[in-house]
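Data first, discussion second: the structure below is written as structure tokens.
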Amino acid sequence: MNQAKAFLQSHEHTDKDDFRTPPYLVKYIESTFGSITHDGACSEENKLAVPFNLFGLDELPDNSMLYINPPFSTPLVKEFVSAAVRKLNNSQGSTCVFLLPNKLSEVTWCNEINKHFSKIIFLGGRINFISPYAVKGGACRSGCFLAIIGDESDSSILEWITLRKIKELS
């Protein structure tokens, strides 16, 4: 049996996408980028702010802070990033923060996703997602980062912060 098949058999819930952002990370995001006004990847039960349908016809209000923790498959991330870019193009003064898996060097990410980010913050450590499906020590095998679209500040484009430091700050 190959390693991938063994992993999938021992982690029966890998097809679920209910992995909620832990409060310490939400607190860090809000202290860094402002209060989250809209959640672009949520259900009514797990929303962090006003739910916003990225794929609907509504425009994102000006000066919004949109947070998105999408399902982590590359095709879905690509769809969410493209939809967010379209919404932000019609919204003045708005910022979008994504929580994403660290797949930055994959071909699709290099060619079609990364170019939209104005800033990337690498998160050192594994996030312990809140979920009935999460495994201890974090649900994302590749680590995570925050990707920002629309933040035109003068700060660095790439940053690194450990989850331990984020927890200390919150």
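The values are calculated or read from the model by the stated rules, or taken from the named source; none is laboratory data. All values reported here derive from a predicted model rather than from experimental measurement. No Cβ is skipped: glycine too gets one built from the backbone with ideal geometry, and neighbour counts run over all protein chains shown. Areas reflect the complete protein model, heavy atoms only, side chains present, ligands, DNA and RNA absent. Shrake-Rupley method; radii C 1.70, N 1.55, O 1.52, S 1.80 Å.
The table below gives the values:
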read-out	value
Close pairs from the range 118-147: first more than 15 Å from K167 (Cα to Cα), partner among the charged types (D, E, K, R) and modelled with pLDDT of 80 or more, Cβ under 9 Å, at least 6 apart	S142/K103; L146/K119; A147/K119
Selection from the range 47-86 of residues that are crowded, with 16+ Cβ neighbours inside 10 Å, among the hydrophobic types (A, V, I, L, M, F, W, C) and either over 20 Å from P101 (Cβ atoms) or touching a Ser or Thr at 6+ places or on another chain (Cβ under 6 Å) (or both)	A49, F52, L60, M65
Matching residues, the range 71-127, being outside any loop (DSSP other than H, G, I, E, B) and of a type in the set (S, T, Y)	T74, S82, T95, T108
Count of residues meeting criterion [open to solvent by less than 90 Å² (accessible area, probe 1.4 Å) and either closer than 17 Å to A84 by Cα or not small (G, A, S) (or both)] in the range 28-46	13
Long-range neighbours under 7 Å by Cβ, at least six apart or interchain, first residue over 15 Å from S35 (Cβ atoms) and among the basic types (K, R) within the range 58-81, second assigned to a helix (DSSP H, G or I) and open to solvent by less than 30 Å² (accessible area, probe 1.4 Å)	K78/I113
K115 closer than 20 Å to L146 by Cβ, surrounded by 15 or more Cβ atoms within 10 Å (Cβ to Cβ) and not hydrophobic (A, V, I, L, M, F, W, C)	no
Residue in the range 151-161 that is modelled with pLDDT of 90 or more, open to solvent by 20 Å² or more (accessible area, probe 1.4 Å) and not in a loop (DSSP other than H, G, I, E, B) present	no
